[in-house]
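The values are calculated or read from the model by the stated rules, or taken from the named source; none is laboratory data. Worth saying up front: this structure is predicted, and the values here are computed from it rather than measured. Quick reminder, even Gly has a Cβ in these numbers, built from the backbone with ideal geometry, and neighbours come from all protein chains shown.
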Amino acid sequence: MNRNTLALAAAAIVAVSGACSSSQPATPTPVVPVVVIPRLTAPSLESPANGQLLTGLTATLTASAASADMSTLVLQYRFQIFNDAGTLVFDSGLVSSPTWTTTTLSPNKRFTWKSRAEADGWIGPWSDTATFNTPDPLPAYSGAIGNWQACAGLKSTTLVTCVWNTIHPINSVGDLEVVKRVAWLLRGDGGGLLIKASGDNVVLWQGYSLSASRVCFPDGHIYKIISDAGPGGANGPGFADNDFVDKSFYVPAIDPSKP
């Protein structure tokens, strides 16, 4: 084979190779999805704060609303409370608003709390912390309690007066001794107790923070049965219509013999 023939053969091979190469499809560039990370702000703590002394052994924690730069997100909130040793003692889980009420806290203690916003798995920054203190527990009632069971079958003011005469309350603790017995005697009509988280005349009993002067019914209807309640007051008997509250504040009557 002469040189011309070899040159032609080589040229043919190069041409075929080029043709095959140009017929192969180009490798596509992979598409990288764009992940948009929303930004959530931290709520600001409002109350309780600055070492505030609570009036009872529950705390309603209130913060300002957080915000997000993605309008489709529905924000929820988490609250955490720590004792004076820095140990986590309460975690609210996710709640729908920047307000949450605890269950009963230990008396005469200092607590620290904080909050953050969360939405669809996204987590915002924690707020700054705030502190509050719980009061001493109320003392047990030390007065004599007579035969209040003999008041069964009476109604309204007559019933309250009958029970009141067996106790003669002189403070909020004694007032609740009347209230829980009246509620027990009215349990057949749905008589019960009223949850009251803070304010005057609140007594802790059976894990609840209760009004020391009112009974409540399942529909939220409340009656004030102790007038001028609390230390230094007249602590007198009555049965006054006191309007309605949310039904969630109703607690069915509890046997008053329980400690």
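Assorted remarks:
- Restricting region 71-102 to residues that are touching a residue at least 40 places away in the same chain (Cβ under 8 Å) and not in a strand (DSSP E or B), the residue that is farthest from GLN206 (Cα to Cα) is LEU73.
- Qualifying residues in region 169-192 (those that are free of Cβ contacts under 8 Å to residues at least 60 places away in the same chain and closer than 18 Å to ALA229 by Cβ) - the one surrounded by the most Cβ atoms within 10 Å (Cβ to Cβ): VAL179
- Residue match in region 127-150 (condition: closer than 18 Å to ILE254 by Cβ and not in a loop (DSSP other than H, G, I, E, B)): yes
- Here ILE226, ILE170, ILE123 are screened, and the one residue that is farther than 18 Å from PRO252 by Cβ, of a type in the set (Val, Ile, Thr) and out of contact with any strand residue (DSSP E or B) (no Cβ under 8 Å at 6 or more places or on another chain) is ILE170.
- A count restricted to region 168-198 and to residues that are modelled with pLDDT of 95 or more and either of a type in the set (A, V, I, L, M, F, W, C) or assigned to a strand (DSSP E or B) (or both) stands at 12.
- Selection status of SER115, crowded, with 19+ Cβ neighbours inside 10 Å and not in a loop (DSSP other than H, G, I, E, B): yes
- Residue match in region 42-51 (condition: assigned to a strand (DSSP E or B), of a type in the set (S, T, N, Q), over 15 Å from ARG110 (Cβ atoms) and under 19 Å from the mean Cα position of the chain (by Cα)): yes
- Restricting LEU105, LEU159 to those that are out of contact with any Gly (no Cβ under 8 Å at 6 or more places or on another chain) and either charged (D, E, K, R) or part of a loop (DSSP other than H, G, I, E, B) (or both) reduces the list to LEU105.
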